[in-house]
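The values are calculated or read from the model by the stated rules, or taken from the named source; none is laboratory data. Every value quoted in this text rests on a predicted model; they were computed, and no experiment measured them. Ideal geometry is used to build each Cβ from the backbone, glycine not excepted, and the neighbour counts take in all protein chains shown.
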Amino acid sequence: MNRHLDRNTATPLYVQIRDILSNEIEEGTLPDGRALPSIRKLADEFGVCLVTMRQALSLLVGDGVVVKRAGRGTYVKKSAPAEDRQKRPFILFLTFDDKPEWEDFGSEIKKGVEHVLDWAGFGVRYGPVDRSRMEHFMEDNCEDASGVIVITGAYEPAVRDFITKSKVPAVLTSVDPEIVDRTYINDIVNVDAYGSMTSMINYLVGLGHRRIATIHGPLHSCQGDRRRQGYHDALTSHGIEVRPEYELAGHFGIEESKEAARRLLELDEPPTAIVCNNDYTALGALSQVRSMGMHVPDDVSIASFLDIGMSAHTNPSLTAMTIDRRKLGDTLAWLMLARLANPGKPFTVIDFGMQLQIRESCKEVCELRAAPRLG
C-alpha cells in the first residue's frame, strides 16, 4: 500500500494521513470493524510524531469513519457509504491555546465534544495546532461547517479574525463577554477563575496561612484578571494585606516558575503558601523548594490549578483546583446544538465551576513560628 507523505506541499501531514487511511477504508484494505494499529505504531509507520498522528485520527473520528472505544483502541466504523458520510454535518474545533499543558488538558474536552456531537449526528473536524496552517484549514472547511467551537486563553486578533471569516455560530471559552463581537460569537463558557481562587485562598487561610503568595500566568486576559481579582478580594475579606511582592509572574513554564519561587522564598518574610496557576508552574516551584534545601509542605505549602493529571503523582501530591474536563466538553457541545436548533436564542455565558482536591502539599501552620531561614 502507498503511504507516502509529501513533505513539500502546503497540505498538513495529518490531513494527508487522514486521506490515506480514508482511502484504505474505502478500498477495503482496512475493513469495517478492524482495529487500527496503536497510535505509536501508526506514527512510526508514517514517520510522524504522536501529536500529528493524533490529529489525523481526530479527523477520521470527525468524519465518522473510525470510532474510539475506551480502553480498547480505535476501530473502523460500520457506517454509511462514503457519499453519505461526506454529507454528514460537522462542527469545527479550534484551539488557540498553546500552553504546554493543552495536549493533556484538551484530550478529555475533545472526548466530551465528540460524544455529544456524534450522538446528534455531527462530525468534528479539528484545526491545526500550527497557526501558520490555519488559513489553509479555513479555506477547506469553513464554507461547509455548521458551527465552530474555539478553545482560547484570550480574545486575541487571530481568534477574532477566524470567527469573523467563518461566519457560522461560535462557542468560545475563556473570553470576556463584554469585549467580543456578538455577531457570530453566540455563547461563552468561562472556567470560574474568580470563584475557584477565592475558594483556594479560603482553604489556605483555614489552615492558618496569612502569608500567601501567587505565581500567576499572563495578566490582561479574562481568566488571568479574574483569578487575580479573586486573590485580592479573598485576602481582603480575611483582613490580610495584599502584598505586591507576593505576586509574581511565572507565565506557564517550569523555568520561569522556579525563578519566581526563588524570589519569593528569598524574601525577608517569605510566604508560607504559594498558589500556582497550573501544574507546570507548581512543578517549577516544587523543584526550586527542593534545590534550596527546603521541604513541601513542612517549610512551605504549594497548591495548583487545573489538575491536568500529573498533580496526583508528584511527591508530595499537589492540592489543586480541578475541573471536570469531559463535562466541559459536553457543555460546549450542548451549547452549540442548542444554538443551531434556535439561532435567535439569547447570548449565553456560563461560569463552569472547579472543585478543590485536597492532597499532601498543603498543611496547617501556626503563623507565630519563625520563617525558615535560607543559607
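Looking at region 319-334, is at least one residue surrounded by fewer than 22 Cβ atoms within 10 Å (Cβ to Cβ), of a type in the set (A, V, I, L, M, F, W, C), out of contact with any Asp or Glu (no Cβ under 9 Å at 6 or more places or on another chain) and under 22 Å from Glu114 (Cβ atoms)?
yes
Could you tell me how many of the residues in region 189-215 are more than 17 Å from Ile240 (Cβ to Cβ) and touching a residue at least 40 places away in the same chain (Cβ under 8 Å)?
Counting residues in region 189-215 that are more than 17 Å from Ile240 (Cβ to Cβ) and touching a residue at least 40 places away in the same chain (Cβ under 8 Å) gives 7.
Write out, first by first residue and then by second, each pair whose Cβ atoms fall under 7 Å of each other, whose residues are 6+ apart or on separate chains, and whose first residue, in region 14-27, is farther than 10 Å from Arg3 by Cα while the second is of a type in the set (Gly, Ala, Ser).
Tyr14/Ala56; Arg18/Ala56; Glu26/Ala82
Could you pull out the residue among Phe252, Phe352, Phe305 that is in contact with a helix residue (DSSP H, G or I) (Cβ under 8 Å, 6 or more places away or on another chain), among the aromatic types (Phe, Trp, Tyr) and modelled with pLDDT of 90 or more?
The unique qualifying residue is Phe352.
So which of Val65, Val76 is modelled with pLDDT of 85 or more, farther than 13 Å from Tyr14 by Cα and crowded, with 16+ Cβ neighbours inside 10 Å?
It is Val76.
If you scan region 100-109, which residues turn out to be modelled with pLDDT under 85 and buried (at least 17 other Cβ atoms within 10 Å of the Cβ)?
Glu101, Trp102, Phe105, Gly106, Glu108
Within region 308-321, can you find the residues that are in contact with a Ser or Thr (Cβ under 6 Å, 6 or more places away or on another chain) and either on the phi > 0 side of the Ramachandran plot or modelled with pLDDT under 90 (or both)?
Across region 308-321, the qualifying residue is only Ser311.
For region 221-237, name all the residues that are of a type outside the set (Gly, Ala, Ser) and either surrounded by 14 or more Cβ atoms within 10 Å (Cβ to Cβ) or in contact with a Cys (Cβ under 6 Å, 6 or more places away or on another chain) (or both).
Cys222, Gln223, Asp225, Arg226, Arg227, Arg228, Gln229, Tyr231, His232, Asp233, Leu235
Which residues, taken from region 313-337, are without any contact (Cβ under 8 Å) to a residue 60 or more places away in the chain and among the small types (Gly, Ala, Ser)?
Ser317, Ala320
Between residues in region 288-306 that are in contact (Cβ under 8 Å) with a residue 24 or more places away in the chain and residues that are of a type in the set (Ser, Thr, Tyr) and assigned to a loop (DSSP other than H, G, I, E, B), which pairs lie under 7 Å by C-beta distance while being six or more apart or on different chains?
Short answer, once both residue conditions are applied: Val296/Ser361; Pro297/Ser361; Val300/Thr272; Ser301/Thr272; Ser301/Ser361; Ile302/Ser361; Ala303/Ser361.
May I ask you to verify whether Glu259 is assigned to a helix (DSSP H, G or I), out of contact with any strand residue (DSSP E or B) (no Cβ under 9 Å at 6 or more places or on another chain), without any contact (Cβ under 8 Å) to a residue 40 or more places away in the chain and surrounded by fewer than 22 Cβ atoms within 10 Å (Cβ to Cβ)?
no
Name the residue, out of Gly284, Gly293, that is outside any helix (DSSP H, G or I) and farther than 25 Å from Gly195 by Cβ.
Gly293
If I ask for residues that are over 24 Å from the mean Cα position of the chain (by Cα) and basic (Lys, Arg), which ones from region 256-271 would you list?
Within region 256-271, Arg262, Arg263 meet the criteria.
Could you list, in sequence order, all residues of region 42-65 that are in a loop (DSSP other than H, G, I, E, B) and closer than 21 Å to Phe90 by Cα?
Scanning region 42-65 gives Gly64, Val65.
Mind listing whichever residues of region 317-341 are charged (D, E, K, R), touching a helix residue (DSSP H, G or I) at 6+ places or on another chain (Cβ under 7 Å) and closer than 16 Å to Val148 by Cα?
Scanning region 317-341 gives a single hit, Asp330.
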